[in-house]
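Single-structure report; data block below.
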Amino acid sequence: MNLEPKDWIALVALAGTIGNFWWTYRNKRTEDQRWKSLNDGRFDLKDLKVKPWRELSRDEASGIDWGHDVQLLGGQLPTGHFRLPYCIAARRISDGELVPAWTPVTTLAEAGKEAARLGIDSGTLILCRMVRPEFTFENLGKTDAVDGTLDVWARVDKGEWIKAFHTTSPATLPPRKESGFFFDMFLPLSAPFPMLFEFKIKSQYKTVEGGARSKELAVSWQVSTDSCFYGTVALPTPSPG
């Protein structure tokens, strides 16, 4: 079949129309995906702080008989104030359980008075530092992050990873809203205070359309500078069994 020049022009025009349609469709699909990505709920870590159990001036700090190797933060700030990043808690030697109704204290003398108040022989207790990391998460998307759960692993000074936290029930976080959680870490009072705390976090949630999302991230707290560093790393490998 011989095609006239006008037929070639028509075919070229048809091919151009099809190509233009494909390009427009592709661009629209890309834009739709980009819009969806920007609008889907995005559950992300906003902040990590370690609860200060006591704040005091330089003169106050130097005048206290702590009774143990105390670790204070700050001092170099314009205010000159220090913060104590832990309190003293107590466990029973017999079973390792925390003593119920124990009021957090900050010195060894206060711990002795607290034991006496509860009618407990101090010799039956193990004193420990209780550190409370407080995490703030935010939904950076424009729609709900649905059925969110969190798992956190922790370790100090490059030691062994332990499972430190797990959400007991899924939660929904609306767009641009924040949610916080904390857990307590117990460290021997007789040992030096760790200089590095590391946390690995796995968040899982769904978009409003039911799409499953998962994110793994890491944050560390360097005690010497009282600074937090954020990143994304592999989660610890679960132990067999």
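The values are calculated or read from the model by the stated rules, or taken from the named source; none is laboratory data. Treat the numbers as computed from the prediction; the structure is a model and nothing was measured. Because the Cβ atoms are built from the backbone with ideal geometry, glycine has one as well, and the counts that use them run over all protein chains shown. The protein model used for the area step is the full one, side chains on, heavy atoms only, and it has no ligands, DNA or RNA in it. Shrake-Rupley method; radii C 1.70, N 1.55, O 1.52, S 1.80 Å.
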- line: Every listed condition ((1) at pLDDT 95 or above; (2) crowded, with 16+ Cβ neighbours inside 10 Å; (3) among the hydroxyl-bearing types (Ser, Thr, Tyr)) holds for THR143 save (1)
- request: Quick one: PRO174 ticks every box in (1) over 18 Å from the mean Cα position of the chain (by Cα); (2) open to solvent by 70 Å² or more (accessible area, probe 1.4 Å) except a single one, so which number is it?
  value: (2)
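Condition check ((1) small (Gly, Ala, Ser); (2) open to solvent by less than 40 Å² (accessible area, probe 1.4 Å); (3) over 24 Å from PHE183 (Cβ atoms)) across all residues:
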site	(1), (2), (3)
LYS46	no, no, no
ARG54	no, no, no
ARG58	no, no, yes
SER62	yes, no, yes
HIS68	no, yes, no
PRO85	no, yes, no
ALA89	yes, yes, no
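Are any of the residues in segment 167-175 farther than 24 Å from ASP40 by Cβ and in contact with a Pro (Cβ under 9 Å, 6 or more places away or on another chain)?
No, there is no match, as no residue in segment 167-175 is farther than 24 Å from ASP40 by Cβ and in contact with a Pro (Cβ under 9 Å, 6 or more places away or on another chain).
For TYR230, indicate whether it is aromatic (Phe, Trp, Tyr), part of a strand (DSSP E or B), in contact (Cβ under 8 Å) with a residue 24 or more places away in the chain and open to solvent by 70 Å² or more (accessible area, probe 1.4 Å).
Taking the combined requirement at face value, the residue satisfies it.
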message: Can you pull out every residue in segment 146-163 that is part of a loop (DSSP other than H, G, I, E, B), on the phi < 0 side of the Ramachandran plot and open to solvent by 40 Å² or more (accessible area, probe 1.4 Å)?
response: GLU160, TRP161
- prompt: Assuming ASP40 fulfils every condition listed in (1) at pLDDT 55 or above; (2) farther than 22 Å from THR103 by Cα; (3) open to solvent by 60 Å² or more (accessible area, probe 1.4 Å) apart from one, which condition is it?
  reply: (3)
field: Single match in ASP95, ASP47, ASP65 (criterion: within 28 Å of the chain's Cα centre (by Cα), modelled with pLDDT of 70 or more and either within 25 Å of SER224 (Cβ to Cβ) or not in a helix (DSSP H, G or I) (or both))
entry: ASP47
